[in-house]
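Chemist: Have a look at this one before I ask anything.
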Amino acid sequence: QSLPIPEFSFYVKNCLRNKESGKVWSKAVEEAANFYLTLYPNELDNHKAYRIIGQKMYNSYPDIKREGDLPWSTFTRALSQKMRAERLARKRKSLGTTEATTTEKQQRPKKQKKSSFDDLTIKHFLSDEDYETHVSEIQKEFDKTQPSESHLKLLLKESFSNRRTWIKKMASGKVKPILEKYSCFEYGKYASGHKIPFLLNFLEKETKYDKGKGEKSSSFLSVHDDIDEKDIDKFTKSGEEEAPKLILFFKGEDTLEMSVIATDTCRIFCQADTVPDAVMMLLASYYVFDLDYPRKYTQCLGFLQQVVIGDAYTGIKSTKFKHFMKKFKSDSE
């Protein structure tokens, strides 16, 4: 079977050629999957075809080499999983549009309001079998004397949606079972990058004001991926006397390229290497300029002030804030 090599976008192709595959790994897999699904919507479900694709890809883009049986094994496995998931999604969509009845639609739960962080969620789900394989590979890699950080982060990224679904089903406050399954999370570097905003989002939800009591809580953080430098200004605007807020810009898979604090029509460049460092800079800006937290940010920033900096937050506290702080202190003892 004559299988052509995928036609990648200009940016992806350049990164693959310039030994920067890590920046565009997921994008390359996605573009390759779409390319082959267009040509072969119901084929390629055999090892020989993927071996041919992998060998051609490796010959053209040697930087796809990762640890595995063959230099291209990691890429072809990711491609196979992506294509399988996409076919399944298309099948479900097709069945859903033809078989859903009025009664079924009425019984469906109402959609929750989308938060600003939902855009960051990786929508790709692995099959149950592939997910368990990922979990096993993560532990196997982490147990090595010198584990590959890039390989671990790739496996964690690919299994993100399944893992988040699993974690959300657990009782609030349960951390031990997660660390037992993902012992790599005992090391902070594997919970960096894009994962920190989700943790902050969780914290905001757990401490926000009760409904119907004045101005609602809102996020002090926004995140943007792969933004051209010339477009950064439009994402970092702020109004007159607007309180400091944090804007993060990521490049590629997990690289914090820039962090900016926007306030009172001005910009402050954090020059931070990590998201936690950028958040600390945001907190520091309120101290430096002697500013009070605006009501919409008070609960989350107040919690961080007390827990991270060690300076007791004495402002108004929501009921959720009090309960969460009490639980946090209890779990920390």
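Chemist: Test residue 243 against the criterion of being surrounded by 15 or more Cβ atoms within 10 Å (Cβ to Cβ), under 25 Å from residue 153 (Cβ atoms) and modelled with pLDDT of 80 or more, and give yes or no.
Modeler: Against the criterion (surrounded by 15 or more Cβ atoms within 10 Å (Cβ to Cβ), under 25 Å from residue 153 (Cβ atoms) and modelled with pLDDT of 80 or more), residue 243 does not qualify.
Quick grid of which residues meet (1) within 17 Å of the chain's Cα centre (by Cα); (2) in contact (Cβ under 8 Å) with a residue 60 or more places away in the chain; (3) under 21 Å from residue 23 (Cα atoms):
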position: 236; (1), (2), (3): no, no, no
position: 239; (1), (2), (3): no, no, no
position: 244; (1), (2), (3): no, no, no
position: 248; (1), (2), (3): yes, no, yes
position: 256; (1), (2), (3): yes, yes, yes
position: 270; (1), (2), (3): no, no, no
position: 280; (1), (2), (3): no, no, no
position: 290; (1), (2), (3): no, no, no
position: 295; (1), (2), (3): no, yes, no
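Chemist: Can we say residue 257 is touching a strand residue (DSSP E or B) at 6+ places or on another chain (Cβ under 7 Å) and either assigned to a strand (DSSP E or B) or assigned by TED's automatic domain parsing to the domain that holds residue 152 (or both)?
Modeler: The answer is yes for residue 257.
Chemist: Could you list all residues from region 299-322 that are more than 13 Å from residue 203 (Cβ to Cβ), surrounded by 13 or more Cβ atoms within 10 Å (Cβ to Cβ) and within 29 Å of the chain's Cα centre (by Cα)?
Modeler: If the condition is that a residue be more than 13 Å from residue 203 (Cβ to Cβ), surrounded by 13 or more Cβ atoms within 10 Å (Cβ to Cβ) and within 29 Å of the chain's Cα centre (by Cα), then 309 is the only one that fits.
Chemist: Right, something else. Checking the structure you have, find out if any residue of region 260-268 is among the hydroxyl-bearing types (Ser, Thr, Tyr) and in contact with a strand residue (DSSP E or B) (Cβ under 8 Å, 6 or more places away or on another chain).
Modeler: yes
Chemist: Might you check whether a residue that is modelled with pLDDT of 75 or more, farther than 20 Å from residue 159 by Cβ, of a type in the set (Phe, Trp, Tyr) and assigned to a helix (DSSP H, G or I) occurs anywhere in region 36-47?
Modeler: Yes: region 36-47 contains one or more residues that are modelled with pLDDT of 75 or more, farther than 20 Å from residue 159 by Cβ, of a type in the set (Phe, Trp, Tyr) and assigned to a helix (DSSP H, G or I).
Chemist: Give me a count of the residues in region 276-304 that are among the aromatic types (Phe, Trp, Tyr) and not in a helix (DSSP H, G or I).
Modeler: So in region 276-304, the residues among the aromatic types (Phe, Trp, Tyr) come out as 286-287, 289, 293, 297, 303.
Next cut, not in a helix (DSSP H, G or I) only: 289, 293.
Matching residues across region 276-304 total 2.
Chemist: Would you call residue 77 under 18 Å from residue 129 (Cβ atoms) and of a type in the set (D, E, K, R)?
Modeler: Against the criterion (under 18 Å from residue 129 (Cβ atoms) and of a type in the set (D, E, K, R)), residue 77 qualifies.
Chemist: Which one is modelled with the highest pLDDT, of the residues in region 246-270 that are in contact with a helix residue (DSSP H, G or I) (Cβ under 7 Å, 6 or more places away or on another chain) and farther than 24 Å from residue 289 by Cβ?
Modeler: So, considering only residues that are in contact with a helix residue (DSSP H, G or I) (Cβ under 7 Å, 6 or more places away or on another chain) and farther than 24 Å from residue 289 by Cβ, the one modelled with the highest pLDDT is 251.
Chemist: Right, something else. Counting just the residues of region 167-209 that are modelled with pLDDT of 75 or more and of a type in the set (S, T, N, Q), which one comes out surrounded by the fewest Cβ atoms within 10 Å (Cβ to Cβ)?
Modeler: If we take residues in region 167-209 being modelled with pLDDT of 75 or more and of a type in the set (S, T, N, Q), then 183 is surrounded by the fewest Cβ atoms within 10 Å (Cβ to Cβ).
The values are calculated or read from the model by the stated rules, or taken from the named source; none is laboratory data. Quantities reported herein were computed from a predicted structural model and do not represent experimental measurements. Ideal geometry is used to build each Cβ from the backbone, glycine not excepted, and the neighbour counts take in all protein chains shown.
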